[in-house]
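The values are calculated or read from the model by the stated rules, or taken from the named source; none is laboratory data. Given the structure is predicted, the values throughout are model-derived calculations rather than measurements. Glycine gets a Cβ as well: all are built from the backbone with ideal geometry, and neighbour counts include every protein chain shown.
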Ligand code: SGN
Ligand code: CA
């Protein structure tokens, strides 16, 4: 009862909604906004995600704090940056599940809570009434799930369908007297982009245009020069693109050998003729790279089609069970992804394609259908947002902010987004931190390369010209540096401060030396 009154007070600034809302959060993996209709993509149709945007809000400037899987999910759960929640990178971190999360707060406030699908936080989920999660990255075909009693359950079928099935089963069986918060974690559109059998070939007639900076030479950008995430060199013909040298090599591939006979027959029927044709062409140089790009796009977008179809299924389920009106639906990816921009796949960099994430939200009665929002919002804000909607107090140490006031008339968003990426292994992306303002981006790389980058996003939206140290930019750099320090203080990122103090560079902004 006390909580109910608390909710009434907290939600007094929002339009009155009859009951506490249910919450469904759908998190995909590596889904590029460049491939979503609602974001203006011409690459494919995404009616599921577009429906959420049309009936709610599309965030055109949604960002992540650390563009990689585990860290992003840890930020979502805790509402805190990686240096606070402890999960800095996929390679060494284990999530400390004993810490607070928005899920635990909702549960204490009377919500039923569940997480189904990709989790990738190494330790067991805590704070949930129900969970069933993929081990690590999980598999596209016949995925295993770790169940609450620690048993492993293999479910026949394709990951996106199977995860949605499990989510619907949980919804069917739940205690209907309580509001619920369900997180659906999809594997798609993660590497190695293995489509559902029914989606194989759906883009075969399409020739995808190359991004204009596909042949970027990374001039003036040291970290971009040393990365290992190009379609030309890093992307593997067999493992990634299913063009195997031999039957033996194909049979060794874990994601393929787990297919059942019917799945494998369809897989072979689709990919084998492509492999034969590829072999006959004897491609080299740019022709080979461009061939790889076409195959990458076809496979990636096919996994996205299954993802979107299953998001549409979630919405249909809510319709059929009379839940639509009183359920918040949020869709976001754990980060963005490169679709050939700079010649890349993967993510990690503070550059827009990976720093930004798709994010759409429907909240009937509160968010006006068709709303387009251009404020700087973050994955950090999801926890505080749903807590406010549920009328549960937002813990003081959460670093995100509720998005809901931004959707009211007088809301005002951040002026600066702060980013810090730590991993220094696979794909060779140097650790870095930085800020984005409405016009500029200032970045400090460390560990693998030590350098500064500065972009004028108005003049150079694709971040090709590093202006750092260039004539005429001293004043703006000094000003951005001041704002960076403010962000470090605000979010209490002592590691980053120490790097600036201990690791001085000849070109450091004025006031630092
Ligand atoms: C795997 C992938 C990488 C990818 C990371 C992180 N390699 O290690 O390409 O960057 O995951 O992805 S793979 O050979 O295993 O496919 S994340 O989404 O989990 O952060
Ligand atoms: Ca990811």
Among the numbered criteria (1) more than 18 Å from the chain's Cα centre (by Cα); (2) surrounded by fewer than 19 Cβ atoms within 10 Å (Cβ to Cβ), which single criterion is violated by residue 136? (1)
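If you check 41, 93, 82, 101, which single one turns out to be free of Cβ contacts under 8 Å to residues at least 12 places away in the same chain, touching a helix residue (DSSP H, G or I) at 6+ places or on another chain (Cβ under 9 Å) and within 25 Å of residue 355 (Cα to Cα)? Let's see the steps before the verdict.
Numbers: 93 fails: free of Cβ contacts under 8 Å to residues at least 12 places away in the same chain; 82 fails: free of Cβ contacts under 8 Å to residues at least 12 places away in the same chain; 101 fails: free of Cβ contacts under 8 Å to residues at least 12 places away in the same chain.
That would be 41, the only listed residue that is free of Cβ contacts under 8 Å to residues at least 12 places away in the same chain, touching a helix residue (DSSP H, G or I) at 6+ places or on another chain (Cβ under 9 Å) and within 25 Å of residue 355 (Cα to Cα).
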Exception for residue 59 within (1) surrounded by fewer than 18 Cβ atoms within 10 Å (Cβ to Cβ); (2) under 26 Å from residue 411 (Cβ atoms); (3) modelled with pLDDT of 95 or more falls at (1)
Would it be correct to say that residue 355 is in contact (Cβ under 8 Å) with a residue 24 or more places away in the chain and either buried (at least 24 other Cβ atoms within 10 Å of the Cβ) or within 16 Å of ligand 2 (Cβ to nearest atom) (or both)? yes
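Please find, among 235, 229, the residue that is surrounded by 12 or more Cβ atoms within 10 Å (Cβ to Cβ) and within 16 Å of ligand 2 (Cβ to nearest atom).
Details: 235 fails: within 16 Å of ligand 2 (Cβ to nearest atom).
Just a single option satisfies the conditions, and that option is 229.
Answer yes or no: is there a residue in the range 262-280 that is touching a strand residue (DSSP E or B) at 6+ places or on another chain (Cβ under 8 Å) and within 16 Å of ligand 1 (Cβ to nearest atom).
Going residue by residue through the range 262-280, those that are touching a strand residue (DSSP E or B) at 6+ places or on another chain (Cβ under 8 Å) are 263.
With within 16 Å of ligand 1 (Cβ to nearest atom) added as a condition, the list becomes none.
Checked the range 262-280: no residue is touching a strand residue (DSSP E or B) at 6+ places or on another chain (Cβ under 8 Å) and within 16 Å of ligand 1 (Cβ to nearest atom).
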Would you check which residues across the range 236-258 are part of a loop (DSSP other than H, G, I, E, B) and either in contact with a helix residue (DSSP H, G or I) (Cβ under 6 Å, 6 or more places away or on another chain) or within 24 Å of residue 288 (Cα to Cα) (or both) and list them? 236, 237, 238, 239, 240, 241, 242, 243, 244, 245, 246, 253
Residues (at pLDDT below 50 and closer than 26 Å to residue 115 by Cα) located in the range 12-48: 17
Could you pull out the residue among 66, 85 that is modelled with pLDDT of 95 or more and more than 14 Å from ligand 2 (Cβ to nearest atom)? 85
Extreme residue, nearest to ligand 1 (Cβ to nearest atom), among residues of the range 72-94 that are within 16 Å of residue 334 (Cα to Cα) and in a loop (DSSP other than H, G, I, E, B): 90
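Those residues that are within 17 Å of residue 414 (Cβ to Cβ) and assigned to a helix (DSSP H, G or I), I need them from the range 467-513; list them, please. Full working, then the answer.
The initial filter retains those residues of the range 467-513 that are within 17 Å of residue 414 (Cβ to Cβ), namely 479-480, 482-493.
Within the range 467-513, 479, 480, 482, 483, 484, 485, 486, 487, 488, 489, 490 qualify.
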Given the criteria more than 16 Å from ligand 2 (Cβ to nearest atom), buried (at least 24 other Cβ atoms within 10 Å of the Cβ), more than 21 Å from residue 102 (Cβ to Cβ) and outside the structural domain of residue 450 (by TED's automatic domain parsing), does residue 336 qualify? no
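With the structure loaded, tell me whether residue 223 is assigned to a helix (DSSP H, G or I), more than 27 Å from residue 379 (Cβ to Cβ) and not assigned by TED's automatic domain parsing to the domain that holds residue 346 or whether it fails that test. Please lay out each step first, then the result.
On the way: assigned to a helix (DSSP H, G or I): yes; more than 27 Å from residue 379 (Cβ to Cβ): no; not assigned by TED's automatic domain parsing to the domain that holds residue 346: yes.
No.
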Pick from the range 27-62, criterion in a strand (DSSP E or B) and more than 16 Å from ligand 1 (Cβ to nearest atom), ranking: nearest to the chain's Cα centre (by Cα): 62
